[in-house]
Amino acid sequence: MLSRIFIKNFALIDTLDVSLHNGLQVITGETGAGKSIILGALRLILGERADLKSISNAEEKSVVETEFALNNRFKKFFIENDLDYEHQTIIRREILPSGKSRAFINDVPVTLDILKELSSQLIDIHSQFETSNLFTSEYQFKIIDGLSENKTLIEDYQHEFSEFQSLKLQLKKLQNQLNDSKQESDYKQFLLSELEEIELDDIDYEDMLGQLSIQENAEMISENLSQILSRFQQEEIGILSFFNEAKAKLSKIADVSVSFSALDQRLEETFVELKDIIAELENESEKIEVNPEHLALLSELNNKLNTLFLKHNVSDVNELKEIRDQLSGEQKGAEELEFAIAEIEHNIVNKEKELQELAGKLSQNRKESIPVFVQKAEGLLKKLGLEKAKVDIELKDAPEFDSFGKENIQLLFQANSGFPLKPIQTAISGGERSRVMLAVKKIIAESDELPTLILDEIDAGVSGKVAEEIGNLMREMSEDMQLIVISHLAQVAAKGNNNYKVVKEDISGKTQSTIITLNDEEKLNEIAQLLSGSKITDAALAQARELIG
């Protein structure tokens, strides 16, 4: 319940502070007195855009503050948004002289999104010019779901639908990734096959180059080794023969002096090293074998490696291994994507089954409630002067799931007998809209826990008996909710549990608007003035007493 409104430095309002109560709260006042200004301020609480032009004194901030009496069903919202829950909760908007806007809940700064989420559950402002939401599927589903007691069911359905939508988004994302991957997959698979075919892990690149060089030069190597060994090993003129002869002669003079002994020792060591070199040369010479097949294999392998080096812009086998491993990982990634897609598709199928079951229950409940809606709506419209009006709700299967199930809804209307029902947006006139909306609001109020409802001159353009019925209807609605009505009708004002008047006056040469609470006598005079105009007559007073009585 909205229990207090405080406005400061907003348009024509210097300061306004008014307390409100349960039941029917009726606000009256002359045209231009400032009633729309109060509503404009309240719309800031609903998160609407703040306008710097609304500041009366440009050097001070503008403040709109509301206080609500909340019940425990709002605790969850406060916990989820890390706010302190208070039974008397204060929501405030401030417009600074700089044009910057700030929002607070119980003095804690909040974003506009959080403000809107809470305030939209607390206030519903409806004016005679705002009946277009009656034409929306969302609002029409709200009407029938309230009558069908579908609140818990629709919450369950929308939770599942949200998960369904999330799964579809995940699926689309993975499919796009897979499609992008597949566009290069064949080429990457070809590259990977090339690298895997060559068995890089078994290649010692340096050793392979050495073997290739030996095979390519085998004849030359063999010829030179043979000549070297021949020079070393010839019996009479070979190097070994000369070494043996020199060594024998030097050993004869080794004992003559220390110098010769040292030279003899060095020659002996050189001779041993020379024999070891000759042995290794013989060993290498024996290994040299001209093998055209081996040479061809090594040449082919080297050519393949050089081609891969050039293709991948690398210079060694280890870099090729890294590229191979990367390509292999990407191919495995594609396989994992396909597996993930299959799993999500399976989950979507299961989720569709759950949604189908819930949507079926919603639809069945709605269909059972349509006759109830028709009876209530037509009865109310008859009271409101639309005696011939007919209404109906048409439900048709839809091809896809949406937030409200798997069906389309259409509210049908016809004000005159003998004509077919048509979609309400094409069949209703301007003079009928407000009364139809009032009837709908009454039906919703009976079946749903509505927030504080503010009706702005929704009764415009009616009089007499219809005005009386509108007043009675509003009084009935206020028994289950707080109903704040801005009206020019004496019949409505007479039904108020509490009455207020917006007045405009000049204070120190400045026009200002404010609101005053009317006592019983002031209420009587206000109703009489609504009946007779500026001059209150005895007849108007008598009629006002009768309306109140």
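The values are calculated or read from the model by the stated rules, or taken from the named source; none is laboratory data. Keep in mind that this is a model prediction, so the values were computed, not measured. Using ideal geometry, Cβ is built from the backbone for each residue, glycine included, and neighbour counts are taken over all protein chains shown. Ligands, DNA and RNA are stripped out before the accessible areas are found, and what is left, the full protein with its side chains, is counted by its heavy atoms. Shrake-Rupley method; radii C 1.70, N 1.55, O 1.52, S 1.80 Å.
Once you've got the Cα coordinates, tell me which of Lys441/Lys523; Lys142/Lys523; Lys61/Lys441 are over 30 Å apart.
The pairs that break the limit, which is 30 Å between Cα atoms, are Lys142/Lys523; Lys61/Lys441.
What are the GluC sites (Glu not before Pro) within segment 213-271 that DSSP puts in a loop, where the Cβ has at most 16 other Cβ atoms within 10 Å?
Listed in order of number, the matching sites are Glu235, Glu236.
³J(HN,Hα) across segment 143-152 via Karplus (A = 6.51, B = -1.76, C = 1.60, θ = phi - 60°), whole Hz, x for Gly/Pro?
Per-residue couplings from phi come out as 4, 6, 5, x, 5, 7, 6, 8, 3, 5 Hz.
Using only Cα atoms, locate the centre of segment 438-482 and the centre of segment 1-61, then give the distance between them in Å, rounded to an integer.
If you average the Cα positions of each part, the centres end up 22 Å apart.
Just to confirm a number: summing +1 for Lys and Arg and -1 for Asp and Glu over residues other than Glu345 whose beta-carbon lies under 14 angstrom from that of Glu345, what do you get?
Result for the neighbourhood of Glu345: +2.
Going by alpha carbons, how many degrees (0 to 90, nearest 10) lie between the helix axis of 464-477 and the longest principal axis of the chain?
The two axes meet at around 50 degrees.
Using the per-residue mean of other Cβ atoms lying within 10 Å as a proxy for protection, in what order, highest first, do the peptides 461-472, 204-215 fall?
Answer by packing, highest mean first, reads 461-472, 204-215.
Cross-link candidates for Lys287: which lysines have Cα within less than 22 Å, leaving aside residues fewer than 8 places away along the same chain?
Of all the lysines, those that pass the test against Lys287 - Cα under 22 Å, at least 8 places apart if same chain - are Lys275.
Rounded to the nearest whole Å², what accessible area per residue is found for segment 69-223 with the 1.4 Å probe?
59 Å²
Over segment 418-546, what is the relative contact order in percent, taking alpha-carbon pairs closer than 8 angstrom and at least six residues apart?
It comes to 17 percent, rounded to a whole number.
Could you tell me whether segment 480-549 comes out rounded, prolate or oblate from its Cα gyration tensor? Rule is a ≥ b ≥ c as square roots of the eigenvalues, rounded for a/c under 1.5, then prolate if a/b exceeds b/c, otherwise oblate.
Oblate shape, in that a/c is at least 1.5 and b/c is the bigger or equal ratio.
Applying the Karplus parametrisation 6.51 cos²θ - 1.76 cosθ + 1.60 with θ = phi - 60° to the phi angles of segment 133-140, what ³J(HN,Hα) value in whole Hz is obtained for each residue in order, glycine and proline being reported as x?
Karplus values, whole Hz, x for Gly and Pro: 5, 4, 8, 8, 4, 4, 5, 5.
Show me the ranking of peptides 254-261, 528-535, 4-11 by mean Cβ neighbours inside 10 Å, starting with the highest.
My ranking of the peptides, most packed first, is 4-11, 528-535, 254-261.
Over all alpha-carbon pairs of segment 66-143, lay out the pair-distance distribution in 5 Å bins, whole %, shortest bin first.
In order of increasing distance, the bins hold 3, 12, 21, 20, 13, 15, 13, 3, 0 percent.
At 222 nm, what value in deg cm²/dmol follows for the chain if DSSP H runs of at least 4 each add -39500 (n - 2.57) and the sum is divided by all its residues, to the nearest 500?
So the helix-based figure for the chain works out to -19000 deg cm²/dmol.
Between beta-carbons, use under 13 Å as the cut-off and find the net charge around Ala389, counting Lys and Arg +1, Asp and Glu -1.
So the environment of Ala389 carries a net charge of +4.
Expressed as a rounded percentage, what relative contact order does the chain have, with Cα pairs under 8 Å and six or more residues apart?
RCO, the chain: 23 percent.
Enumerate the calculated ³J(HN,Hα) couplings along segment 484-490 in order (Karplus 6.51 cos²θ - 1.76 cosθ + 1.60, θ = phi - 60°), each rounded to whole Hz, writing x wherever the residue is Gly or Pro.
10, 10, 9, 8, 10, 8, 4
For segment 419-486, just say rounded, prolate or oblate: build the C-alpha gyration tensor, square-root its eigenvalues into a ≥ b ≥ c, call rounded for a/c under 1.5, and beyond that prolate if a/b exceeds b/c, oblate if not.
oblate
Considering only the other residues whose Cβ falls under 10 Å of the Cβ of Phe78, what net charge follows from Lys and Arg at +1 and Asp and Glu at -1?
Within the 10 Å Cβ shell, the charges total -2.
In the structure displayed, which of Lys388/Lys495; Lys396/Lys422; Lys361/Lys422 lie more than 19 Å apart, Cα to Cα?
Going by Cα-Cα distance, Lys388/Lys495; Lys361/Lys422 fall outside the 19 Å limit.
Once you order the gyration tensor axes a ≥ b ≥ c over the Cα atoms, which shape class does segment 1-124 get: rounded for a/c under 1.5, otherwise prolate or oblate by comparing a/b with b/c?
Note, shape of segment 1-124 comes out oblate.
Residues with amide H under 5 Å of Glu407's amide H, sequence separation 5 or more or different chain, H placed in the peptide plane at 1.01 Å from N; which?
Amide H to amide H, under 5 Å and 5 or more residues apart or across chains, Glu407 pairs with Ala398, Asp402.
How big is segment 195-324 on each of its three principal axes, counting only the C-alpha atoms and giving the largest first in Å?
Per principal axis, max minus min of the Cα coordinates gives 72, 30, 19 Å.
Starting from the residue with the highest accessible area, list Val485, Val272 in decreasing order, probe 1.4 Å.
Final ranking, largest accessible area leading: Val272, Val485.
Once ligands and nucleic acids are excluded and a 1.4 Å probe is used, how much of Met220 is accessible, expressed in Å² to the nearest 10?
Looks like 100 Å² after rounding.
When the accessible area of the chain is split by element with a 1.4 Å probe, what percent falls to carbon and sulfur?
After summing per-atom areas, the C and S share lands at 47 percent.
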